[in-house]
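Visitor: Take a look at the following structure, please.
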Amino acid sequence: MFNKEIETLELTELRELQSRRLVNLVNTVYEKVPFYKKAFDEKGIKVSDIKSINDIHKLPFTKKTDLRDNYPFGFLTVPESELARIHCSSGTTGKPTVVAYTENDLELFSEVVARSLAAAGAKPGMKLHNAYGYGLFTGGIGVHYGGEKLGLSVIPVSGGMTERQINLLRDFKSEVICCTPSYAQTIGAELKKRGISLSELNLKYAVLGAEPWTEGIRQQVEESLGVVATNIFGLSEVIGPGVSQEAYDEKGTGSYIWEDHFFPEVVDRYTGEPLPYGEEGVLVFTTLTKEAMPFVRYWTNDICSIDYDQQGSRTHIKMSAIKGRADDMLIIRGVNLFHTQVEELIHDFVELVPNYQLVVTKQGIMDKVEVKVELSQNYGKSQNVNGVLTSEMVNENEKLSFLSKRLGKKIKDNIGISMNVTLMAHNQIPKSEGGKLSRIVDLRE
Ligand code: AMP
């Protein structure tokens, strides 16, 4: 552990720390940020009403639109001259969201990334191949400084130019790679294409984040890169990557949220009411220690649940994998749909790989979803997959049509929506070129 004392702090002490920090925070933002003064006054909240972390639900939410309305520096609590760095969120529509950091904020950013990388398995002395994009996006530079803080030697490759990535992985023998899960898939596919065996690399850990992913992708990446793959989560408004991290020896049980700095809540997406641990809703964060641009109850729009893990090595709360963003949720004939739900079902078919796209169209008044999914590279080499093909099914087309029907039925049975399944040959679905990959093509008006 990078910071054992804090990562294993008793819960009562953690609560006291959070309470002290929250009281400080509300005093600062009320005094320094006109948006919060107005929002507190309108809700009739006095700063003195906030005595402990248990009072947090009295406070108003902060939403992305509030950041846009106060573009670029309306949320600053310090003079612009005291800023040490400015990043923007990678949002694709409208004005970017600006996030700013003081020196202390950058120190905090590096600390939580260092904790995260250590939890992911990285150890001082290892090399970190950092294929997150460098630039305005917080991913590249955030991971970079956290890696250095942990004592890694960081290779700032950034995203893209996959061939060069592979040469560097092979020549430098990096033990750790950081990138989006979809880009890890791309690198894995390229290795295979070039016939490079894993023994030519030295990768041990992949730290993947910036977009939703599921166990199917984990398995594919672990096999194709020869790594233990864990989840890193974060968002610019809260700090960047390193808000939470899955421990490499506790895979699949959620990601530790570094809650001494980022206090999480999960709330009902329609009413904003706090939900009990374990229930799925919108993730909300209060940044307890950030100086330049702290946020009170920032509405992330990410859907997940949070809960404590009594068996866990650390005391901090864990969040489940993000199912999707509330604003990315498709509503198909009245049914809510996240692409990760389809991804989970694809995982059950050995003939398929989780390279897929959901294409949504409208025919008349009906929404139609087509699932385009790639056949595994080995498809056809192992006949009689799952033991369900009969000897009469000698015709390849029949086999494929049977396979697509099986996936279609599984989707209908589990999600309740009929979708057309189109099986694609290997490498026919657009791949990540280094950044976040959109799995949904919505062609409706
Ligand atoms: P940005 O602020 O541009 O870095 O984008 C942050 C958003 O990326 C989050 O609010 C999530 O929607 C998404 N994101 C980041 N990390 C993950 C992750 N590990 N799993 C799922 N979504 C993620």
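The values are calculated or read from the model by the stated rules, or taken from the named source; none is laboratory data. Just so we're clear, the structure is a prediction, and the values are computed from it rather than from any experiment. Counting neighbours? That spans all protein chains shown, and the Cβs are built from the backbone with ideal geometry, glycine included. Each accessible area value is taken on the protein alone, full model and side chains, heavy atoms only, with ligands, DNA and RNA left out. Shrake-Rupley method; radii C 1.70, N 1.55, O 1.52, S 1.80 Å.
Visitor: Residue 230: within 16 Å of the ligand (Cβ to nearest atom), over 30 Å from residue 349 (Cβ atoms) and either modelled with pLDDT of 95 or more or open to solvent by less than 10 Å² (accessible area, probe 1.4 Å) (or both), yes or no? Break it down stepwise before answering.
Guide: Numbers: within 16 Å of the ligand (Cβ to nearest atom): yes; over 30 Å from residue 349 (Cβ atoms): no; either modelled with pLDDT of 95 or more or open to solvent by less than 10 Å² (accessible area, probe 1.4 Å) (or both): yes.
So residue 230 does not fit the description; no.
Visitor: Going by the structure shown, is residue 133 outside any helix (DSSP H, G or I) and in contact (Cβ under 8 Å) with a residue 12 or more places away in the chain? Explain how you work it out, then say what you get.
Guide: Values: outside any helix (DSSP H, G or I): yes; in contact (Cβ under 8 Å) with a residue 12 or more places away in the chain: yes.
Spelling it out, residue 133 is indeed outside any helix (DSSP H, G or I) and in contact (Cβ under 8 Å) with a residue 12 or more places away in the chain.
Visitor: OK, next. Against the condition surrounded by fewer than 24 Cβ atoms within 10 Å (Cβ to Cβ), within 11 Å of the ligand (Cβ to nearest atom) and not in a helix (DSSP H, G or I), how does residue 211 come out, does it pass? Don't jump to the end; show me each part of the working.
Guide: Working: surrounded by fewer than 24 Cβ atoms within 10 Å (Cβ to Cβ): yes; within 11 Å of the ligand (Cβ to nearest atom): yes; not in a helix (DSSP H, G or I): yes.
So residue 211 fits the description; yes.
Visitor: Taking residue 85 as the residue in question, decide whether it is over 25 Å from the mean Cα position of the chain (by Cα), within 30 Å of residue 248 (Cβ to Cβ) and either loosely packed, with under 14 Cβ neighbours inside 10 Å or not assigned by TED's automatic domain parsing to the domain that holds residue 435 (or both).
Guide: Details: over 25 Å from the mean Cα position of the chain (by Cα): no; within 30 Å of residue 248 (Cβ to Cβ): yes; either loosely packed, with under 14 Cβ neighbours inside 10 Å or not assigned by TED's automatic domain parsing to the domain that holds residue 435 (or both): yes.
No, not satisfied.
Visitor: Which members of region 144-183 meet the condition of being under 25 Å from residue 1 (Cβ atoms) and in a helix (DSSP H, G or I)? Break it down stepwise before answering.
Guide: Taking region 144-183 and keeping what is under 25 Å from residue 1 (Cβ atoms), we get 144-155, 174-179, 181.
Once the filter is applied, which keeps residues that are under 25 Å from residue 1 (Cβ atoms) and in a helix (DSSP H, G or I), region 144-183 yields 144, 145, 146, 147, 148, 149, 150, 181.
Visitor: Turning to a different aspect of this structure: With 418, 391 as the choices, which residue is modelled with pLDDT under 90 and of a type in the set (Ser, Thr, Tyr)? Talk me through it step by step, then tell me what you get.
Guide: Numbers: 418 fails: modelled with pLDDT under 90.
Matching residue, one of 418, 391: 391.
Visitor: Among the helices (runs of 4 or more DSSP H) contained in region 15-119, which hold 2 or more residues that are touching a Leu at 6+ places or on another chain (Cβ under 6 Å)?
Guide: Result: 103-119.
Visitor: When the residues of region 278-298 are filtered to those that are farther than 30 Å from residue 103 by Cα and in contact (Cβ under 8 Å) with a residue 40 or more places away in the chain, which remaining residue is most open to solvent (accessible area, probe 1.4 Å)?
Guide: 280
Visitor: Kindly list the number of the only condition in (1) within 14 Å of the ligand (Cβ to nearest atom); (2) assigned to a loop (DSSP other than H, G, I, E, B); (3) touching a Pro at 6+ places or on another chain (Cβ under 9 Å) that fails for residue 244.
Guide: That leaves (2) as the condition not met.
Visitor: Test of understanding: among 94, 121, 125, which residue is on the phi > 0 side of the Ramachandran plot and modelled with pLDDT under 95? Write out each step before concluding.
Guide: Working: 121 fails: modelled with pLDDT under 95; 125 fails: modelled with pLDDT under 95.
That would be 94, the only listed residue that is on the phi > 0 side of the Ramachandran plot and modelled with pLDDT under 95.
Visitor: Return the residues of region 121-141 that are hydrophobic (A, V, I, L, M, F, W, C) and open to solvent by 10 Å² or more (accessible area, probe 1.4 Å); say none if nothing qualifies. Explain how you work it out, then say what you get.
Guide: First, the residues of region 121-141 that are hydrophobic (A, V, I, L, M, F, W, C): 122, 126, 128, 131, 136-137, 141.
Correct list: 126, 136, 137, 141.
Visitor: I need the full set of residues from region 276-305 which are of a type in the set (D, E, K, R) and either at pLDDT below 95 or not in a loop (DSSP other than H, G, I, E, B) (or both), in order please.
Guide: Within region 276-305, the first condition is being of a type in the set (D, E, K, R), and the residues that meet it are 279-280, 290-291, 297, 302.
302, the sole residue that qualifies.
Visitor: Moving on. Quick check on residue 368: is it free of Cβ contacts under 8 Å to residues at least 60 places away in the same chain, open to solvent by less than 70 Å² (accessible area, probe 1.4 Å) and over 18 Å from residue 414 (Cβ atoms)? It would help to see each step written out before you state the result.
Guide: Details: free of Cβ contacts under 8 Å to residues at least 60 places away in the same chain: yes; open to solvent by less than 70 Å² (accessible area, probe 1.4 Å): no; over 18 Å from residue 414 (Cβ atoms): yes.
So residue 368 fails the test.
Visitor: Give me a count of the residues in region 142-160 that are modelled with pLDDT of 95 or more, crowded, with 24+ Cβ neighbours inside 10 Å and under 18 Å from the mean Cα position of the chain (by Cα).
Guide: Final tally of qualifying residues: 3.
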